Structures are given as C-alpha cells and as structure tokens.
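Okay, structure first, notes after.
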C-alpha cells in the first residue's frame, strides 16, 4: 500500500497534506461527549462541530443488508443533481 | 502458461451508504445555495479526499466504535468531516472496502471562510444545519 502523497510531487503532496487531515480525538479542542455517547461536540481550527452519532451510525444499520452505492456512480448522480439544481435556478431567474 | 499479473496495486473500493448519500446531498444543497465561494471546487475537494482514502485507508485514526465497526474521520479544509469505516481485504478476491457513512460540516462559522476571494460580508445566505433533512431528487 502506498500513500497518494508519495506518488505526487512534493508541492502537490504539501497541498494535499494541508487539505486533508486526520486528527485524533485528543487533537480536537473542547471535545465533549454526552454520557450516553450519542452526542459529541468539539472545535477544530476555529470551527465548531456538533455530531449526532445516531445519524452517522443509526442503531441496527450494521445488521441491514445495505450494499451502498459505488463512489463513481454516486459522484455521477451528484453531478446530475447539481445540474438539476442549476437548471431550476436558471428557470426561476 | 502462467497468467500475467497486474503490477498496479489493488485499491479498496469506495461505497456510499444511504445516510452518507443523504448528508452529501444536504451539503451540496448548502454549498450551492451559498453565493460566496466556489461550491463546485469545495465538492471536488471532498470527492478527492474520499478518493485519496483508497491509497491510505488507515491514515485516519479510529475515533469511535459503534456496533462492532471502527469509525474513522478525515478532515477536508478544516471544516468538512468525512466519517468512514474501512474493511480490510478478505482473501484473494477482495481489495477491501471503504464505506462512507457521513459528511459533516462545521455547525458554526462560515464554511467558505478563508477559502474564497475577498468579500464584504462573511455571513452565509443559507441556514447551517447538521441534520439531513433534504429530500433526495427522484
């Protein structure tokens, strides 16, 4: 396995490192987790985040037989979705 | 005759679960409704971030375990968080799977702050929400 950064030029790798980060929980600021573990709140680089784990990992979701949509397929679907939004906006002008 | 083997590394496939698709559409709506900044560029960055995971799916530390699954988190431009679960390869037929579970943005502050050209006002024109309430387009 190799990293994407290692395949890119140093400048590209630096850009990527700046764009994509992977902080640990300890590296987040003001992190608070509710006693039940469902809600999480923290700050990261001046931005405040509130996480509801029931939305990210709904109860019982892991036992569902959901395959999911392949990345390329979903990105194409999203492109079409944006085109529709733009068309709607254009029509309303 | 021995079959030739591809020299390119087999990369894990990426799939988007239902909740992740919903959250990405909601984020797309928000970005699209905001008149500041380049919404397409932001979305492409998130797309590139997800694709980068294929080359290093374990680069992000585990941040939570739910129902036996280890959740990891990738941060894009300080303000978009991608939550995913990586399942390593099983046997010779699989290269592993990266299952995207959600894309979240900052609950406060302007998501375009510091990533856009100089503008007079910093307030976004759309309402920020961490909830996925946007119905999908059929």
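Here, each number is a calculation from the coordinates, and none is a lab measurement. Just so it is clear, the model here is predicted, and its values are computed rather than measured. For neighbour counting, all protein chains shown are included, and Cβ atoms are generated from backbone atoms with ideal geometry for every residue, glycine included.
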Answer residue from segment A:23-51, given it is out of contact with any strand residue (DSSP E or B) (no Cβ under 6 Å at 6 or more places or on another chain) and at the interface with chain B (Cβ under 7 Å from one of its Cβ atoms) and is farthest from residue B:96 (Cα to Cα) among those = A:46
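Do we have residue A:77 as out of contact with any strand residue (DSSP E or B) (no Cβ under 6 Å at 6 or more places or on another chain), without any contact (Cβ under 8 Å) to a residue 40 or more places away in the chain, facing another protein chain (nearest Cβ under 10 Å) and part of a helix (DSSP H, G or I) here? Break it down into steps so the answer makes sense when it comes.
Working: out of contact with any strand residue (DSSP E or B) (no Cβ under 6 Å at 6 or more places or on another chain): yes; without any contact (Cβ under 8 Å) to a residue 40 or more places away in the chain: yes; facing another protein chain (nearest Cβ under 10 Å): yes; part of a helix (DSSP H, G or I): yes.
Criteria met by residue A:77.
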Hits in segment A:52-74 - residues which are more than 19 Å from residue B:96 (Cα to Cα), under 19 Å from the mean Cα position of the chain (by Cα) and not in a helix (DSSP H, G or I) = A:52, A:57, A:58
Do we have any residue at all in segment A:25-39 that's without any contact (Cβ under 8 Å) to a residue 12 or more places away in the chain, in a strand (DSSP E or B) and under 16 Å from residue B:102 (Cβ atoms)?
-> no
Flagged in segment B:18-36 as more than 18 Å from residue B:50 (Cα to Cα) and either facing chain A (nearest Cβ under 8 Å) or not in a helix (DSSP H, G or I) (or both), in numbering order, are B:29, B:32, B:34, B:35, B:36
